[in-house]
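The values are calculated or read from the model by the stated rules, or taken from the named source; none is laboratory data. Just so you know, these numbers come straight off a predicted model, no measurement behind them. All Cβ positions, even for glycine, are placed from backbone atoms using ideal geometry, and neighbour counts span all protein chains on display.
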Amino acid sequence: MKVPAPSLAPILRSAAQGRILARVFADRDAGYSLTELAALSQTSMPTVLREVERAERAGIVTTMKVGPTRLVRANAAHPLYDAVRRVIVATYGPPAVIADEFDDISGADAVLLFGSWAARYVGERGRAPNDIDVLVIGDVDRDAVDEAAERAERQIGLPVQATVRTRAQWAAQRESFVKELRSRPLVLVLIADGDSSFGSELRELAGTRDEVR
């Protein structure tokens, strides 16, 4: 069965390929096991193995064995590394980049992606997104959120627009904005530990395509 071209980057073979490569290229120094890539990209192990082998044959990633574990890294020495990384990070990279940059924001209960990027990510057709919309739920320092957005923007290469709502505002659903978000595609990238009911609610809203960690 032919797999349709991914909405975010039609030059790639599939959305699964984009999610896998995004994890590898988001941090050039990190090494990921095949098991980690399968979990982080929500992709089957056979697909991860197939895409990693293709990428290794093309020279854009390298692998090495550490004991029984096969670690995958981006090949920064490849002549097309910068060009490939820009494409991958700007299309399928936002969950990984946003998770890294927003991870240490004090008081954040959850971080999600929404808007046109999230819609393309889950397969809705439309124009390529021209920015990345981020929702932070919690009692947070707005300056810290803006600084994280600026760091993410420099890596992704697209404007990163961050919106903040408290848990009370999210739960009350009085705003049309919050109601609209709940009915549109969401990608969950971060959630605080210790609140299983809140986490379950967000996971249900985001469906099975979240990138939470």
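ASP82 meets each of the listed conditions (1) in contact (Cβ under 8 Å) with a residue 12 or more places away in the chain; (2) under 16 Å from ALA26 (Cβ atoms) apart from (1). Scanning the range 96-113 for residues that are at pLDDT 90 or above and not acidic (Asp, Glu) gives VAL97, ILE98, ALA99, PHE102, ILE105, SER106, GLY107, ALA108, ALA110, VAL111, LEU112, LEU113. Within the range 27-47, the set of residues being under 13 Å from the mean Cα position of the chain (by Cα) and within 15 Å of LEU71 (Cα to Cα) comprises ASP27, LEU37, ALA39, LEU40.
In the range 68-90, which residues are modelled with pLDDT under 90 and among the small types (Gly, Ala, Ser)? Residue satisfying the conditions is ALA90 alone.
How many residues are modelled with pLDDT under 90 and part of a loop (DSSP other than H, G, I, E, B) when one looks only at the range 160-207? Summing the residues that are modelled with pLDDT under 90 and part of a loop (DSSP other than H, G, I, E, B) in the range 160-207 gives 5.
Between VAL66, VAL84, VAL61, the distinction of being touching a helix residue (DSSP H, G or I) at 6+ places or on another chain (Cβ under 8 Å), of a type outside the set (Phe, Trp, Tyr) and over 20 Å from ARG120 (Cβ atoms) belongs to VAL61 only.
Can you find even one residue in the range 49-61 that is under 30 Å from ASN130 (Cβ atoms), among the small types (Gly, Ala, Ser) and within 19 Å of the chain's Cα centre (by Cα)?
Taking every residue of the range 49-61 in turn, none turns out to be under 30 Å from ASN130 (Cβ atoms), among the small types (Gly, Ala, Ser) and within 19 Å of the chain's Cα centre (by Cα).
Residues that are farther than 24 Å from SER14 by Cα and in contact (Cβ under 8 Å) with a residue 40 or more places away in the chain do occur in the range 116-136, at least one of them. Please tell me if ALA171 is closer than 26 Å to LEU40 by Cβ and either among the small types (Gly, Ala, Ser) or free of Cβ contacts under 8 Å to residues at least 60 places away in the same chain (or both). The answer is no for ALA171.
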